[in-house]
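Worksheet: the structure to be examined is printed underneath.
The values are calculated or read from the model by the stated rules, or taken from the named source; none is laboratory data. Owing to the predicted nature of the structure, the values given are computational and were not obtained by experimental measurement. Every residue, glycine as well, gets a Cβ built from its backbone with ideal geometry; the counts of neighbours run over all protein chains shown. The accessibility values were calculated without ligands, DNA or RNA, using every heavy atom of the protein model including side chains. Shrake-Rupley method; radii C 1.70, N 1.55, O 1.52, S 1.80 Å.
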Amino acid sequence: MESKQRTELLVNATARTQQLLSKDAPFSFDTVSIYGRHEFRDIYDKPMTKGDSSWYMDQVLCSMLLTDYREKNKNLKISERGRPMRLDRVAGIGYWNRDAFSQFGDAHLIHDTILEEHNWKIFNKLLKALFNESLVNMFNDYHRQYMIKEKKV
């Protein structure tokens with residue numbers, strides 16, 4: 001809500017875009033897509049290959065939004081984890097099926113198969129360890145919306 005991207009998007013916003021960017025709009029796949037398309041233009045909708053120009057879009061966008069937020073909220077503290085172990089996708093989804101994640105300082109997520117229902121349930125354990133209930137609910141709602149859109153394609 002406080003980002004430079006949102007301000008830029010509102011300049012030439014259609015009625016639909018204004019609705020998705022309103023303070024009352026729920027967090028949704030459509031809203032995230034607006035930001036992604038705005039920032040990355042035609043790269044956003046192209047197929048992605050590991051290491052290409054679109055590979056780090058999500059990280060770049062999150063960093064931009066966090067930077068904007070930190071500029072306006074000087075009291076925000078970000079705790080960096082100094083734990084050396086990595087929760088890695090190469091270990092398989094069974095390795096992720098645990099109740100505690102405190103020994104990990106990094107996670108390299110499973111790609112497409114993380115969206116499968118069984119894997120998403122296991123992934124939720126990590127989400128619950130990292131975020132509060134309302135954010136986990138938002139992630140799950142986003143996942144549901146994405147899966148509905150994928151079935152239509």
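Can you give me the angle between helix 133-152 and the longest principal axis of the chain, using Cα atoms only, in degrees from 0 to 90, rounded to the nearest 10?
80 degrees
So what are the chain's ellipsoid semi-axes, whole angstrom, largest first, if each one is the square root of 5 times an eigenvalue of the alpha-carbon gyration tensor?
28, 20, 16
To make sure I understand the rule: partners must be lysines, Cα under 21 Å from the Cα of Lys128, and not fewer than 8 residues away in the same chain. Which ones qualify?
Lys77
So how far, in whole Å, is the C-alpha centre of the stretch 95-153 from the one of the stretch 22-87?
Using only Cα atoms, the two centres lie 16 Å from each other.
DSSP loop GluC sites (Glu not before Pro) in the stretch 53-153 with at most 15 other Cβ atoms within 10 Å of their Cβ, which ones?
Glu80, Glu116
Could you give the longest part of the chain that holds none of the trypsin sites (Lys or Arg not before Pro) found in DSSP loops with at most 13 neighbouring Cβ atoms within 10 Å?
Longest gap between qualifying sites, sites excluded: 82-153.
Counting only heavy atoms of the protein chains, get the accessible area per residue of the stretch 4-150 (1.4 Å probe) and round it to a whole Å² value.
70 Å²
Between Ala15 and Glu150, what is the spin-label point distance in nm, taking each point 7 Å from the Cα along the Cα→C-beta axis?
The two pseudo-label positions are separated by 3.3 nm.
Just tell me which aspartates and glutamates come within less than 18 Å, Cα to Cα, of Lys72; anything on the same chain fewer than 8 places away is out.
Cα-Cα hits under 18 Å: Glu2, Glu8.
Using just the helices of the chain, give the 222 nm mean residue ellipticity in deg cm²/dmol: DSSP H runs with n ≥ 4 each add -39,500 (n - 2.57), and the total is spread over all residues, rounded to 500.
Helix contribution divided over all residues of the chain: -16500 deg cm²/dmol.
What percentage of the solvent-accessible surface of the stretch 4-150, computed with a 1.4 Å probe over protein heavy atoms, is contributed by carbon and sulfur atoms?
54 percent
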